[in-house]
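What follows is a set of notes on a single structure, which appears directly below.
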Amino acid sequence: MSTPPRLLVTVPRTPELDAALRAELPRIPVLYAKGAGDGPWPSIEAALVGVPEREMPGFRAASVPGLRFVQRLYTGLDNFPFHWFPETVMVAGNGGGYAVPVAEHATALVLALARGLVRDHASVVRGGKHQGPPQMSLVGKTCLVLGYGAIGAELAPRLKGLGLTVVGVTRTGKPKAGADAMIPRSQVLSALARADVVINCLPLTRETVGFLGEKEFSALSPRSILVSVGRGPTIDRGALTRFLQSHPDFRVGLDVWWDERNGLGQLEGGVSLSQFPNAIGTPHTGGLGEEARGWALRHAMRNLARFFRGETPLHLARREDYRGLGDPTHLGE
């Protein structure tokens with residue numbers, strides 16, 4: 001008689017997934033949702049999910065009456081269907097699962113903007129000469145990391161290697177590894193005024209919607225660099241558009257957007273990022289790479305292993321932080 005499954009896996013089965021399960025949860029019996037029917041599965045205690053609406057559209061909580069923990073493969077929880085699961089079920093995002101590739105991507109955007117690579121490439125294609133703001137050296141400059149967490153910890157050594165001083169921003173401003181200094185969100189305006197580079201790693205919660213608005217952009221240096229790899233709606237789209245239009249030396253790199261289904265590259269009022277020679281955009285590819293999914297799977301499995309050992313999982317969501325954020329245009333994977 002087979003051992004009853006304890007873990008429900010809804011993400012597509014791949015060799016990387018199987019390898020991560022063998023490495024991190026070798027003794028936990030698994031049920032793969034695809035082809036498994038509709039339950040009930042009374043022995044299931046935890047689930048690994050990606051995009052539940054896509055992977056198990058007919059889900060019923062009654063099918064898994066013993067479910068106590070849901071681990072998402074992706075980092076963000078702003079579009080997660082919390083209402084599918086009873087309040088007693090813990091839900092965790094995969095915080096830090098994609099930190100390495102996202103940190104690499106953010107660093108690449110900073111360098112590309114500082115050196116004017118997009119603008120200069122366009123000049124070469126046209127057969128012209130260098131034009132526009134001078135290239136910026138990063139040595140001796142200050143980088144402010146908004147939402148300093150796992151990505152910030154990976155960013156810090158890369159940024160320091162470029163000669164930057166790293167200042168992190170969190171709710172409390174408590175010291176964190178890698179940062180030269182930490183400040184609370186309440187001091188962000190004065191910190192923005194001193195920053196040469198700003199990297200936005202903020203998650204999208206009720207507290208961070210429009211975190212960078214008119215006041216924050218007014219505090220920024222008109223010659224600074226802003227890179228966003230957190231969530232699009234943490235930046236006020238109108239405030240960013242107006243700042244770009246009125247400050248020709250400002251440089252911006254966006255990997256995340258306000259509407260990720262059909263609004264890539266779009267700012268407010270139909271203004272395109274392509275209109276600005278000192279701007280660069282990528283289609284939410286910061287977390288991609290040959291090794292990225294394997295790393296993310298292993299990271300998620302380690303949190304599931306904590307649960308099965310009887311420990312409190314990391315990166316647990318406070319549901320009240322996400323109420324009202326279920327915007328269907330924001331994929332947030």
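Laboratory data are not the source of any read-out in this text; all were calculated from the coordinates shown. Just so it is clear, the model here is predicted, and its values are computed rather than measured. Cβ: placed from backbone, ideal geometry, glycine included. Neighbour counts: every protein chain shown.
Here are the numbers:
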| quantity | calculated |
| --- | --- |
| R115-Q187 pseudo-label distance in nm [points 7 Å out on the Cα-to-Cβ vector] | 3.4 |
| Added length on full extension, which subtracts the Cα-Cα distance from 0.36 nm per residue, D321 to S2 | 110.8 nm |
| Computed FRET value (nearest 0.05) for R298 with V30, which takes r as the C-beta separation and R₀ as 22 Å | 0.90 |
| 5 angstrom amide H check on V227, placed H, neighbours 5+ away | V198, I199, N200, G253 |
| Overall form of the chain per C-alpha gyration tensor (a/c, 1.5; a/b vs b/c) | prolate |
| Ellipticity estimate at 222 nm from DSSP helix runs (n ≥ 4, -39,500 (n - 2.57)) divided over the chain, nearest 500 | -8000 deg cm²/dmol |
| Å³ per residue enclosed by the Cα convex hull of region 4-102 | 109 |
| Residues E268, E311, sorted so that the one with the fewest Cβ neighbours within 10 Å comes first | E311, E268 |
| Relative compactness, region 58-129, computed as alpha-carbon Rg over 2.2 N^0.38 Å | 1.96 |
| Cα shape, region 155-253, gyration tensor, a/c 1.5 rule | oblate |
| Beta bridge orientation in the chain: antiparallel %, DSSP, nearest 5 | 5 |
| Neighbour-limited loop hits for trypsin sites (Lys or Arg not before Pro), region 195-284 (at most 11 other Cβ within 10 Å; DSSP other than H, G, I, E, B) | R261 |
| Computed over the chain: relative contact order in percent, which uses C-alpha pairs under 8 Å that are six or more apart | 19 |
| Least to most buried among S224, S123 (fewest other Cβ within 10 Å first) | S123, S224 |
| Mean Kyte hydropathy of -1.0 or more with a Cα span along the axis of at least 15 Å, helices from DSSP in the chain | 99-114, 150-161, 292-308 |
| Overall form of region 218-333 per C-alpha gyration tensor (a/c, 1.5; a/b vs b/c) | prolate |
